[in-house]
Amino acid sequence: MRTASVARTVYLQPGVGLGALTRAYGGSVNRGSRPSHHVDGSGSVARHALKSLEKLKVIENDETNGYGI
């Protein structure tokens with residue numbers, strides 16, 4: 001996932017957290033003959049993107065309301 005896309009998501013939805021980002025950047029899983037279902041994206045990748053944006057001071061973490069610009 002691109003870090004710029006994460007920054008835009010946080011800008012458009014202030015207070016977004018790690019769980020919301022993993023749901024937003026998830027996709028469908030191919031289950032063979034069964035119907036496809038949505039799966040969440042990687043929490044590790046989303047966490048690393050948030051930490052790098054926080055280090056660059058693009059976003060800040062509010063302990064009660066999540067991340068914001």
Which whole-Hz ³J(HN,Hα) couplings does the stretch 2-18 yield from phi under the Karplus relation 6.51 cos²θ - 1.76 cosθ + 1.60, θ = phi - 60°, glycine and proline marked x? 7, 5, 5, 5, 5, 4, 5, 4, 5, 5, 6, 10, x, x, 6, x, 5
What does the charge count around Val45 come to, taking other residues whose C-beta lies under 13 Å from its C-beta (Lys +1, Arg +1, Asp -1, Glu -1)? +2
Applying the Karplus parametrisation 6.51 cos²θ - 1.76 cosθ + 1.60 with θ = phi - 60° to the phi angles of the stretch 21-29, what ³J(HN,Hα) value in whole Hz is obtained for each residue in order, glycine and proline being reported as x? 5, 5, 5, 5, 9, x, x, 9, 10
Kindly express, to the nearest 10 degrees and within the range 0 to 90, the angle between helix 43-55's C-alpha long axis and the longest C-alpha principal axis of the chain. 20
Taking Lys and Arg as +1 and Asp and Glu as -1, residues besides Ala7 with C-beta under 14 Å from its C-beta add up to +3
If Lys and Arg each add +1 and Asp and Glu each add -1, what is the summed charge of the other residues whose beta carbon sits under 12 Å from the beta carbon of Ala24? +1
Rounded to two decimals, the Rg over Rh value of the stretch 3-68 from Cα coordinates and the Kirkwood Rh reads 1.09
What is the set of long-range amide H partners of Asn61 at a cut-off below 5 Å, with H atoms built 1.01 Å from backbone N? none
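Bear in mind that the values in this text are calculations on the coordinates, not laboratory data. Everything quoted here is computed from the prediction, not taken from an experiment. Backbone-built Cβ (ideal geometry, glycine too); neighbour counts: all protein chains shown.
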